[in-house]
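Let me begin by presenting the structure, written as structure tokens, before commenting on it.
The values are calculated or read from the model by the stated rules, or taken from the named source; none is laboratory data. Please read all numbers here as calculations on a predicted model, not as lab measurements. Neighbour counts are summed over all protein chains in view; Cβ atoms, including those assigned to glycine, are modelled from backbone coordinates with ideal geometry.
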Amino acid sequence: MPRSQSHTAVKIESFRPEHTAAFEALNRAWLVGHGLLEPADEPYLKDPNGTIIEAGGQIYVAVENGVVIGTCGIAPHGPGEFEVRKLAVASSAQGRGIGMQLVEACLDFARQRGANRISLISNSQLVPALRLYERAGFRHEPLPANNPFATGDVHMVLDVRAEYGDNST
């Protein structure tokens, strides 16, 4: 008996060059929508392959019915550290756990490459995203001195070593 087609499957895939326009459109939409777009965002929006993947990172996309409905990138950010960059989910697809699937794919990528810490810069307006990061295990920390984003007022860190903590004494 065939399954109902009323709920389509979302696939998390690795970024390909043909995803560039969707990556830019999805991220630009939330940045503009919240009044957060700034010059430091433009290199990531215009050249996600060069700024994230060629830097040793990865971008994952959520695809449904052949359409990219979400993106999230992760890139090296110093020795043993990676940074989550440009999480976006289409407004019509929010609330379905897609953002968490994308973040988990990025965290897995960083763990497989020996990350000790995974960080991110966000904005206090983005409460649903901040709650998602908290559920993924991120903790709030003071902003770093080298924060390139004028609108970035939230710094969060996931201590990967603590996830696998040695509790023996």
Picked from the stretch 125-169 (must be over 17 Å from Val84 (Cβ atoms) and of a type in the set (Ser, Thr, Tyr)), the residue modelled with the highest pLDDT is Tyr164
Please state which of the following conditions Phe82 fails to meet, knowing it meets all the rest: (1) among the hydrophobic types (A, V, I, L, M, F, W, C); (2) in contact (Cβ under 8 Å) with a residue 40 or more places away in the chain; (3) farther than 25 Å from Gly35 by Cβ; (4) surrounded by 22 or more Cβ atoms within 10 Å (Cβ to Cβ). (2)
Whether any residue in the stretch 56-78 is at pLDDT 95 or above and assigned to a helix (DSSP H, G or I) is what I want to check. no
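Which members of the stretch 95-132 meet the condition of being among the hydroxyl-bearing types (Ser, Thr, Tyr) and within 14 Å of Val160 (Cα to Cα)?
Let us first name the residues in the stretch 95-132 that are among the hydroxyl-bearing types (Ser, Thr, Tyr), namely 119, 122, 124.
Ser119 - this is the single residue of the stretch 95-132 that is among the hydroxyl-bearing types (Ser, Thr, Tyr) and within 14 Å of Val160 (Cα to Cα).
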Test of understanding: among Ile98, Ile52, Ile118, which residue is buried (at least 19 other Cβ atoms within 10 Å of the Cβ) and more than 24 Å from Pro148 (Cβ to Cβ)? Ile98
Could you tell me which numbered condition Ala110 fails, if it satisfies all but one of (1) surrounded by fewer than 18 Cβ atoms within 10 Å (Cβ to Cβ); (2) touching an Asp or Glu at 6+ places or on another chain (Cβ under 9 Å); (3) not aromatic (Phe, Trp, Tyr)? (1)
Per-region count, the stretch 79-89, residues in a loop (DSSP other than H, G, I, E, B) and in contact with a helix residue (DSSP H, G or I) (Cβ under 6 Å, 6 or more places away or on another chain): 0
